[in-house]
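First comes the structure, then the notes that go with it.
What follows draws every value from the coordinates through simple rules; no lab data is involved. Computed from a predicted structure; not experimentally measured. Glycine also receives a Cβ, built like all others from the backbone with ideal geometry; neighbour counts cover every protein chain displayed.
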Amino acid sequence: MNKDLLTIYDLKRDDIEEIFQKADHLKQVREKGTTYQPLKGKILGMIFKKTSTRTRISFEVGMYQLGGNAIYLSSGDLQWERGESIADTAKVFSQYLDGILIRTFAHEEAEKLAVSADIPVINGLTDLLHPCQILSDIYTIRERLGDIKGVKIAYVGDGNNVANSWLLGASKMGMDIYIASPQGYQPNKKIVEKALLMAKDNGSGVEIMEDPYRCVKDADIIYTDVWVSMGKEEESEKRWEVFKDFQVNLDLIKRAKKSVLIMHCLPAHRGEEITSEVIDSERSIVFNQTENRLHVQKAILEMLIGR
Ligand code: CP
Ligand code: NVA
């Protein structure tokens, strides 16, 4: 596995399989209540330029459970807010810390940090990608359905960081990914190209479309995310209008397989991208996703920081 985890694109399928096997072990350890502390004495710095509930708590708790520590660094408290370069900051971090988690706007910032840091850098969400989320989601599907090969994911909504990471994750793992988004809000074109190339090698289907009904036909999983991502708040009114036909509701899920599972990375905006009836239904596995963030990210921490 590479030093950093910035994108699923850089992971090998074997790396992902190893993450999942370690996550199985860590989940069992937690269920049995036994102690397993491979990261004793290790410290993770966690930089957040955007808000977070799940990512912050699961990484911080994950470090403690593995015997290490985590330091929360609100970006406003760091000298780089006053112009210290990312490269210098990365060198300093490398002297004190054993790993860095970063949630920021520009993906390039996470890349720059990783290039200059001697320690692992983990992407906790950028405007472009959210790899830890999608790895945890694929793990959740593997747990529910067993074999993930050929599983059809229908992503309905904004072609954002979560959709982009789905394209990379599904095409790498031999799953089918269909995305329905309005014109102008479709996933990043370069990522779609990368996904199409990987899909050829791995036997995946990849298709971007505008019709949510066609998208969910025969789907095993329907996935959605907010219409207004962090940093896009000023576009809220326009987005509510553009996305109004892209809601995951009872009418839409009827078109999928009877056994369809409903997923959402959370936080959800009920009544916008998803209705309460759907997210609270027995088909919904959104809180399994949340739980598995902890186990999968602990596996990532163990692999990157513990070696
Ligand atoms: N899904 C997710 O990353 O949630 P947070 O924004 O709460 O971290
Ligand atoms: N697309 C959302 C995901 C939040 C976890 C955002 O970037 O705000």
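Points worth noting:
- Footprinting exposure proxy ranking of Thr7, Thr51, Thr275, fewest other C-beta atoms within 10 angstrom first, gives Thr51, Thr275, Thr7.
- Integer Hz, Karplus 6.51/-1.76/1.60 couplings in order for segment 59-75, x for Gly and Pro: 5, 5, 5, x, 4, 4, 5, 8, x, x, 9, 9, 10, 7, 10, 5, 4
- Set of lysines with alpha-carbon distance to Lys42 below 21 Å, sequence-local pairs under 8 removed: Lys3, Lys22, Lys27, Lys91, Lys298
- Put simply, the Cα atoms of segment 247-307 extend 49, 24, 15 Å along their principal axes, the longest span coming first.
- Per-residue ³J(HN,Hα) for segment 3-16, Karplus 6.51 cos²θ - 1.76 cosθ + 1.60, θ = phi - 60°, Hz, x for Gly and Pro: 5, 10, 10, 9, 8, 5, 3, 7, 8, 8, 4, 5, 4, 5
- Computed E for Gln95/Asp147 - FRET, C-beta separation, R0 45 angstrom, nearest 0.05: 0.50
- Value of [θ]222 nm, deg cm²/dmol, for the chain, DSSP H segments ≥ 4, -39500 (n - 2.57) each, nearest 500: -13500 deg cm²/dmol
- Between Gln28 and Lys257, the contour length at 0.36 nm per residue exceeds the alpha carbon distance by 79.3 nm.
- In terms of other Cβ atoms within 10 Å, Met303, Met173 run from fewest to most in the order Met303, Met173.
- Angle between the chain longest axis and helix 286-305 axis [Cα atoms, degrees, rounded to 10]: 30 degrees
- Applying a threshold of 18 Å to the alpha-carbon distances of Lys189/Lys217; Lys194/Lys257; Lys152/Lys244; Lys40/Lys112; Lys49/Lys232 flags Lys189/Lys217; Lys194/Lys257; Lys152/Lys244; Lys40/Lys112 as lying beyond it.
- Dimensions of segment 3-73 based on its C-alpha atoms, expressed as ranges along the principal axes with the largest first, amount to 33, 31, 23 Å.
- Ordered by the count of other Cβ atoms within 10 Å of each Cβ, fewest first, Arg144, Arg13 give Arg13, Arg144.
- Normalised by 2.2 N^0.38 Å, with N the number of residues, the alpha-carbon radius of gyration of segment 192-307 equals 1.24.
- Each eigenvalue of the Cα gyration tensor of segment 5-153, multiplied by 5 and square-rooted, gives one semi-axis; in descending order these are 28, 19, 13 Å.
- In degrees, nearest ten, helix 86-96 long axis to first principal axis of the chain (Cα): 60 degrees
- Whole-Å semi-axes of the ellipsoid equivalent to the chain (Cα gyration tensor, √5λ, descending): 31, 22, 18
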